[in-house]
Every structure is written in structure tokens, then in C-alpha cells.
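Please treat every number below as a calculation from the coordinates, not as lab data. Please read all numbers here as calculations on a predicted model, not as lab measurements. Cβ placement follows ideal geometry from the backbone for every residue including glycine, while neighbour counts extend to all protein chains displayed.
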Amino acid sequence: MDIVYISNLKIPCTIGVWDWERRIKQTVIIDLEMATDVRPAAKSDRLDDALDYKAVTKRVTEYVGSSEFKLVEALAENVANTVLEEFKVPWVRVRINKRGALRGATDVGVLIERQAKS
């Protein structure tokens, strides 16, 4: 399989377990890698034959922006399921970075990989 990826997608959302976090928007940074076969699109040079990364970006941005998860793990799992189900990819890797969540660390987050259910 080939990989279509989206890197460094910044999305403000409600995320966190502390009361103050529930009252503000924090920006998470998302990286997606999605397995697909790019040969049909490469051959035809048509968007209809490709995994439309603009559509993926729009959907993930909409989903994450309206979410209110407490844990980054829950957000990552739900983003993975959304991409797998709505864009019919066989595999996805989701990395969510909650920059600044820990004093002394530049980045903190979670990286998960999921496969479509057979």
C-alpha cells in the first residue's frame, strides 16, 4: 500500500480533564497517515480516483473542532475510526500532539495505528 499523509494540522478544540481545560479551546496538532493505492489516480490524473486529502482534512477539522474529549487517547481513537469508516482506507496512523501539556516537554501526545474491520 501507498501512504497519503497530512502533517501538522492544527485544530482548536476542547480537550483535557481539568476544569480550566474544559472552559477553553486548546490547539492539538494532528498528523495522519492513510494507506491507499495511488496507482489509479496516478494513471488517470483525476481527483475522483484519489484519496481526497482536502476532504479528509475538512472532516477531521470539523470533527475535532466540535469534540469535547477529556483524553487525547479517546480523541485519537475516534479520529481513526472516522477516517477508516468514512474514507474507506484499510489502515490509518493518527498522531495527536497536545503541545505544552507538560512543563519541560515540548510535545506530549499519542500515536495509534488502526486497521479497518474485515
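Things worth noting here:
- Per-residue ³J(HN,Hα) for the stretch 81-97, Karplus 6.51 cos²θ - 1.76 cosθ + 1.60, θ = phi - 60°, Hz, x for Gly and Pro: 4, 4, 5, 4, 6, 7, 10, 6, 8, x, 7, 9, 10, 10, 10, 10, 10
- For the residue pairs K70/K117; K25/K88; K54/K88; K25/K117; K10/K54; K10/K70, alpha carbon separations beyond 23 Å are given by K70/K117; K25/K88; K25/K117.
- Rounded to the nearest whole Hz, the Karplus-based 3J(HN,Hα) values (6.51 cos²θ - 1.76 cosθ + 1.60, θ = phi - 60°) of the stretch 61-73 follow the sequence 4, 4, 5, 5, x, 9, 7, 9, 6, 8, 10, 4, 4, with x at glycine and proline.
- Amide H to amide H distances under 5 Å link I15 with Q26, where only residues 5 or more positions off or on other chains count and H is placed in the peptide plane.
- Calculated FRET efficiency, T27 to L71, Cβ-Cβ distance, R0 = 22 Å: about 0.85 to the nearest 0.05.
- Estimated purely from DSSP H runs of n ≥ 4, each contributing -39500 (n - 2.57), the mean residue ellipticity at 222 nm for the chain is -10000 deg cm²/dmol once divided by its residues.
- Sequentially through the stretch 18-23, phi angles give Karplus couplings (6.51, -1.76, 1.60; θ = phi - 60°) of 7, 3, 5, 6, 6, 9 Hz, Gly and Pro residues having no value and appearing as x.
- A simple spin-label model places pseudo-atoms 7 Å from Cα toward Cβ; at S118 and T57 they are separated by 3.5 nm.
- Longest to shortest principal axis, alpha-carbon extents of the chain, angstrom: 51, 27, 24
- Residues whose amide H comes within less than 5 Å of that of I3, counting only those at least five positions distant or on another chain, are T36 (H built at 1.01 Å from N in the peptide plane).
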